[in-house]
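Below is one structure, written out as C-alpha cells; the observations come after it.
Here, each number is a calculation from the coordinates, and none is a lab measurement. Bear in mind that the values here come from a model prediction, so they are computed numbers and not experimental data. Please note: Cβ atoms are built from the backbone with ideal geometry, for glycine as well, and neighbour counts cover all protein chains shown.
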Amino acid sequence: MTMEDSEALGWRSVADMIGDHPDAAVALIGAPLGERSLTPGRCDLGPRAFRAVLPRFSTYDVETGRSLETRVHDAGDVALKALAPEAAFQPLRDAVAAQSGRRLTVIIGGNNAVTRPGLHGLGLKGTGLLTLDAHFDLRDTDQGLTNGNPVQALLDDGMDGALISQIGLAPFANTKRAHDKAKAAGISVRTAGECHRTGFAEVVFQELERLSARVDRIYVDVDIDVIDRSQWPASPGARPGGVGVHAFFEATRVIGACPKVRAVDLTEYDPSLEVGDLGSLTAGRWFCELLAGFETR
C-alpha cells in the first residue's frame, strides 16, 4: 500500500470535492450578510465556519453504501461586508444568476435577507419558493429590508403567494397579522405541529410536488432555526419544539432529489452561538445530505 492509498492519517473528504470546477453541475456561493438582523449576531461568519468544517466529513454514506462523487464549483464569497440588504441585493442576485446554468446552486448565508436576491438570481417569473423556517418572515417593509421580511419583500416584488410554501412555522414565534397575511396571499402554511404528526420529510415532499406542478424551478430557503433549539443552539431564532435534526436531514435529502430545485440557501447560522462544534457539524452534514439527494436525480 502506498502512502497515497493509506487511510491511516486521513480520508477523502467532502472538502476535496470543492474547488475551481467551471464545468461542475453544482456551485457554492458564500453570502456573509449580517446587517439588519433583528437580533444582532454574527451570521456573517457562517460561510467561513461552514467551509472550515467540511474536511471532517468523508464522502461515504454507510447507510446507502454509496460515495459522493459530485464536484462542486466554489464561486467564493460575495463581498457583502457592512452592506445593508438593499445594497447587497444586486451583487448577490448577480452572483446567483452567474451560476444559473448549473443544475444546483447552494448559497451559504448570512442572515435570511439573502433569500430575496437569491431567488431573483433565478428569475422571479416561473420560480416557486419553499421555506423551512420557524417564522413567516412577513414583517412589514416600511422600515426597510431586514432578515425578518424577505417573504414580504418578494410579495411586494409581485411574487404570487400561491407559489410559496412555508414549512415548520412555530407556535408563539409569529403574529396573527403575519399568519393572516400568509393566508390572504394564498401561501401554503404547514406548521411545526403538522410536521411532527405527518413527518417533516413527507410534508416537504408534498409541497415540492405542489410547487413542481406550478413552476419551472424552485428556490429553497433553509432557515436553520427550524431545528429544535436543543439540537441547534447556533441561531437566535431557534425555539424548543422545532423539527428534530434527524427529520431535518431526511427532508434535506428529499430537497436535493427534486429535479426542479435549482437553488438552496442556508441562513441564520451564527457561529458565535456555537456549543462545541454542533452548529458547524450540523451545517456540514446538511450539505452532505443535499448532495446525496442531488445524486439520485
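Please list, or write none, the lysines whose alpha carbon is within less than 19 Å of the alpha carbon of K125, excluding same-chain residues fewer than 8 places away.
K260
Considering the dipole of region 14-294 built from charges on the beta carbon (Lys and Arg +1, Asp and Glu -1) around the Cα centre, which of T146, A98, S188 is farthest to its positive end?
In region 14-294, that residue is S188.
Looking at region 180-232, I'd like the Rg to Rh ratio, where Rg is from alpha-carbon atoms and Rh is Kirkwood's inverse mean 1/r.
0.99
Report, as a whole number in µm² per second, the diffusion coefficient that Stokes-Einstein gives for region 14-294 at 20 °C and 1.002 mPa s using the Kirkwood radius over alpha carbon pairs. Spell out each step's value before the answer.
Values: Rh = 18.3 Å.
For the chosen part, D equals 117 µm²/s.
Springs between alpha-carbon atoms under 10 Å, Gaussian network over the chain: tell me which of R214, R56, R177 tops the mean-square fluctuations.
Maximum fluctuation in the GNM of the chain, among the listed residues, is at R177.
Taking the highest mean first, how do the peptides 252-263, 108-119 order by number of other beta carbon atoms within 10 angstrom per residue? Could the numbers behind the result be given before it?
Numbers: 252-263: 21.2, 108-119: 30.2.
Order by mean packing, descending: 108-119, 252-263.
Show that you can apply the helix-only estimate: for the chain, add -39,500 (n - 2.57) for every DSSP H stretch of four or more residues, divide by all residues, and state [θ] at 222 nm to the nearest 500. Provide the component values of the computation, followed by the final result.
Details: 9 runs with 96 residues, N = 297.
Using -39500 (n - 2.57) per qualifying helix, the result is -9500 deg cm²/dmol.
Farthest toward the dipole's positive end in the chain, which of L291, I18, T267, given Cβ charges of +1 (Lys, Arg) and -1 (Asp, Glu) about the Cα centre?
T267
Give me the orientation-averaged projected area of the Cα convex hull of region 98-157, in nm², one decimal.
It is 4.6 nm².
Quick one: work out the % antiparallel among DSSP beta bridges in the chain, nearest 5.
10 percent
Mind putting a number on the dipole of region 214-257 about its Cα centre? Charges go on the C-beta only, +1 for Lys and Arg and -1 for Asp and Glu, and I need it in Debye to the nearest 20. List each step's numbers first, then the result.
On the way: 5 positive and 6 negative charges, 12 e Å.
For this selection, approximately 60 debye.
At q = 0.20 Å⁻¹, what log₁₀ I(q)/I(0) does region 163-297 have when each alpha carbon counts as one equal point scatterer in the Debye sum?
Cα-only, vacuum Debye calculation for region 163-297: -1.27.
Using modelled backbone amide H atoms (1.01 Å from N, in-plane), which distant-in-sequence or interchain residues come within less than 5 Å of G241's amide H?
So G241 has HN proximity to R229, S230.
Remind me, relative contact order of the chain in percent, using alpha carbon pairs under 8 angstrom and six or more residues apart?
21 percent
Considering only C-alpha atoms, what is the centroid distance from region 229-263 to region 159-218, in Å?
14 Å
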